[in-house]
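The values are calculated or read from the model by the stated rules, or taken from the named source; none is laboratory data. It should be emphasised that the depicted structure is a prediction, and the values quoted were computed from it without experimental measurement. Heads up, the Cβs are rebuilt from the backbone with ideal geometry, glycines too, and the neighbour counts pull from every protein chain shown. Only protein heavy atoms, including side chains, enter the accessible area calculation; ligands, DNA and RNA are left aside. Shrake-Rupley method; radii C 1.70, N 1.55, O 1.52, S 1.80 Å.
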Amino acid sequence: MRDTLVIANWKMNGSRADNARWVETFNAKAPSLSSRCVVCAPFVYLSDLVNTLSIDVGAENVADEVQGAYTGEVSAEMLADIGVKWTIVGHSERRTLYGETDEGVAKKCARLVSANLRPILCVGETLEERKSGKTAEVVLRQLDAVLKVVSPKDLGAIAYEPVWAIGTGLTATPEEAQAVHAQLRARVAEVDDVAAQTLSILYGGSVKPANAATLFAMPDIDGGLIGGAALNPNDFLSIAQACPAR
Ligand code: 13P
């Protein structure tokens, strides 16, 4: 079957001292986990984490170009060079606050695949889009842009993150999330049925220790992408413990 995955997205949080405490707490309990975990962190901390964490490390963003005169950008090859294995792409905060387009997100995914990194592709609708019945249209448009340039077998994971549930305390119900996950998997299956069955589709948006188990019990929810709750290693461990191996 497919891997269950619980991925931390620290966003723009952390310090060397905080991270060292996080790693110590996490590493002590990591061997007891049955699901796979990844920590995605700001660029400046990635090397430290690669050297100290007992699990894979991911970035939160990547350049859409290969190399050259792109001041301030970090390429997929550079991430691979320091031992990073995964990268979040197309998070709604990047789409909304930094103007990332579906095509730009697709280009970033292609760069990651060329560098043998696993993209974690984020898709999700706004509250307005959900209320006007456009959820499927939006998430499938975001997915299709990437499937034009990247084979589904090269995606590390898809994360369904309803924008209205991120950092708000509002969560999609397990049934609402399951419905979207099934639509995403069906679309991937139109391109590659085998890859669709093994691709991990994660839910993100106010996942907490208290609601994780009911979300992860749904057949097409293969784990989570965790923001706020992942800043506390014990909460992140509790969420990971709620994610069964499949
Ligand atoms: P929260 O878990 O804080 O809602 O954030 C979710 C998220 O954006 C993960 O990428």
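Structure data summary
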{"quantity": "Solvent-accessible heavy-atom area per residue, rounded to whole Å², over the chain at 1.4 Å", "calculated": "44"}
{"quantity": "Amide H contacts under 5 Å for ALA8, placed H, 5+ residues apart", "calculated": "VAL38, VAL39, CYS40, ILE226"}
{"quantity": "Percent carbon-and-sulfur accessible area, the stretch 180-225, ignoring ligands, DNA and RNA, probe 1.4 Å", "calculated": "60"}
{"quantity": "Separation between Cα centres of the stretch 76-148 and the stretch 194-246, rounded to whole Å", "calculated": "19"}
{"quantity": "Computed [θ] at 222 nm, helices only, for the chain once each DSSP H run of length n ≥ 4 contributes -39500 (n - 2.57)", "calculated": "-12500 deg cm²/dmol"}
{"quantity": "Heavy-atom accessible surface of the stretch 95-154: percent carbon and sulfur, 1.4 Å", "calculated": "50"}
{"quantity": "Cross-link reach list, aspartates and glutamates versus LYS131, counting only Cα pairs under 19 Å and skipping chain neighbours closer than eight places", "calculated": "GLU161, GLU175, GLU176"}
{"quantity": "Zone of ASP193's modelled label, taken as backbone nitrogen in the stretch 135-177 under 17 Å from a point 7 Å along Cα→Cβ", "calculated": "152-153"}
{"quantity": "From the C-alpha gyration tensor of the chain, square roots of 5λ in Å", "calculated": "24, 23, 17"}
{"quantity": "Most to least packed among 175-181, 118-124 [average Cβ atoms within 10 Å]", "calculated": "118-124, 175-181"}
